[in-house]
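Working notes, beginning with the structure itself.
The values are calculated or read from the model by the stated rules, or taken from the named source; none is laboratory data. For clarity, every value in this text was computed on a predicted model and none was experimentally measured. Reconstructed Cβ throughout: ideal geometry from the backbone, glycine too, with neighbour counts over all protein chains shown. With ligands, DNA and RNA removed, areas are computed over all heavy atoms of the protein, side chains included. Shrake-Rupley method; radii C 1.70, N 1.55, O 1.52, S 1.80 Å.
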Amino acid sequence: MTIYFGWLDYVVFGAMLLSSALIGVYFAFFASKRQNTTAEYLMGGKTMGMFPISMSLIASYISGISLLGLPAEMYTYGTQLWAIVLSEWLVSLTVAAVYLPVFYNLHITSAYEVSAARMLQAYLRLRFNQKVRLLGSVIFIIKMMLYIPIVIYVPALAFSQVTGINLHMITPIVCFVCIFYTTLGGLKAVVWTDTLQTGLMFLGVVFVLAYGTWRLGGVLQVFRINEEGQRLEFFNMDPDPTLRHTFWTTVFGNYFGWLASCSVNQAMVQRCLALSSLRRARITIFIMAAGIFTIVSLCCYTGLVIYATFANCDPLATGAIRKSDQLLPYFVMSLAGPVPALPGLFMSGVFSAALSSMSTGLNSLCGVIFEDLIRPAYKTPISERAASFIMKIIVVLIGGACAALVFLVEHLGALVQAGKSLAGITAGSLLGMFSMGLFLPWVNSTGAMAGGIASTLLVGWMSLGTQAAIARGQLFLAPKPSSVDGCPTNASALTIIAARADYDRSGTFFLYRLSYLYYTLVGTAVCVVTGLLVSWCTTPNDPAMVHRDLLTPVVHRWLPAQHAHCPRPRPTELALPADHCTSLDRLHINPSNDKNNSSTKELHTEEGKIF
């Protein structure tokens, strides 16, 4: 018997959506008189505290893909993916010590580039040239357009499971609420809505797994049942790169994927630069790492609770659900449906995770599209009010386009793999381009351009080819064995699943069989190697002529002395190519650009503000 939402669940869920919308209204009309400036809309005026920024980062990276996908992964394929939490700490250290200081230093010294929506692309312009900057912007736009539709699909799928409403009717509602508060309130609305939604996300997950554990008899009982069901696996040390999950793919391979998500991600940098100092940004990163470690572990443990609950009656085998990603909503309604408001609280958490990720993506996308594609097309200055209005229109258009792409997402495989596979198309090229700029002063703009294009095309072919092979049945992801012995109507699903586990993949192209967690590593390596080769075949940069502010502090000690005629990058130098340094007397100042960004000179910071 299928259990759906009760009236109290709808009340709790509706309160979450209403609260999110009201936050956008508040920041649009009451909180600030400067909301109609690009700096306020994209950066929150650099007055944001560490607490809301930390919560926003956690909510941005823990999307509904994690809340639904990770429990389904644990249930279906075992716990090896849980090891990704180890690489997240290493990534936080890398970002804090290697990447963030460069971006923050350039940002502090440049009131002209106060909009962090331009920070990453501005770096590519400073280090290489305008063409490389434009390539970085295009790759970022592709990345977000591939990611946001999956984020929208997740809550629609879950809500459909618990209410019986068709997911294509739910999708426009999700998009409307998110577009509404993102369009009105800008970064401040996004950050504070994320803070609310992060709290709901934690509450929903903790309540569900705590209640499920209590029903099963405790944590030890949960692990015992999972061990009997062959779900517990943490140290598969097989080095075969075609194995989907091993210790090496989940720790070493995921390190590069997570590094790309944190170090050169527009949303990450935009929020860190909304803080008033590098020290506060670093603290925020480690708070984010702790929060992500906690919520990922909770999601993975939830998967163990679900398996322990359905160990003898697999809902996939019985046809109760059609996709593994529906396991968590089915579990909530089966176990906690009679508990008043608990299903509504859970769905609020899932929707919160999805809304926060979507709003973050929309806010970053509108900044990149406006600053890198629209503003340069205007020969006359754009007023701050007009710029703010244009960005809000961009949010609406991009949100609508992403909602339309949801129709394609439902044909992909498991959420976690589909999300990371598509992200790998652009993650490797972006990480490679920025890493070449930060670590390798010899690489020139031609090499960076060639590396970025080669990496995107190769990994795009691998990722889309793999998804197509899975859809055609040429690749089968063998699940762990399951049983229906305890179901009221017994069927021998165990025999079917065990037989398919011996599926031979040797006839499939090698790169299609490569673990999806290696995609970013492959993309980064191809980008760097291609960039180096092309640079050496053309005219490599003289390391002495690349300013140290454009290079990570980690490599300074091994570089030759900087040339005397290599001045520090300044706001007015952002209009110049950076294949070589230019002396101060050759600078060209663009008055229109100064006029366009005059409002940024009014920004002030508030040291010591945490909340």
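Computed extension length for ILE453-VAL529: 26.1 nm, one decimal, from 0.36 nm per residue of separation with the Cα-Cα distance subtracted.
Heavy-atom surface analysis with a 1.4 Å probe gives segment 278-318 a carbon and sulfur content of 64 percent of its accessible area. Couplings 3J(HN,Hα) for segment 452-457, derived from phi with the Karplus relation 6.51 cos²θ - 1.76 cosθ + 1.60 (θ = phi - 60°), are x, 5, 4, 5, 4, 5 Hz, where x marks Gly and Pro.
What is the gain in length, in nm to one decimal, between THR508 and VAL219 on full extension, counting 0.36 nm per residue of separation less the C-alpha to C-alpha distance?
So the extension gain works out to 99.9 nm.
Taking a quarter of the surface of the Cα convex hull of segment 361-488 gives a mean projected area of 13.8 nm².
FRET efficiency for the pair THR318 and LEU22, taken as 1/(1 + (r/R0)^6) with r the Cβ-Cβ distance and R0 = 35 Å, rounds to 0.25.
Near ASP485, no amide H atom lies under 5 Å from its own; only residues 5 or more places off or on other chains count, and H is placed 1.01 Å from N. Projected label points at ILE393 and ALA544, each 7 Å from Cα along the beta carbon direction, are separated by 5.2 nanometres.
Extension gain, ILE374 to LEU408, is 9.4 nm, computed as 0.36 nm per intervening residue step minus the present C-alpha separation.
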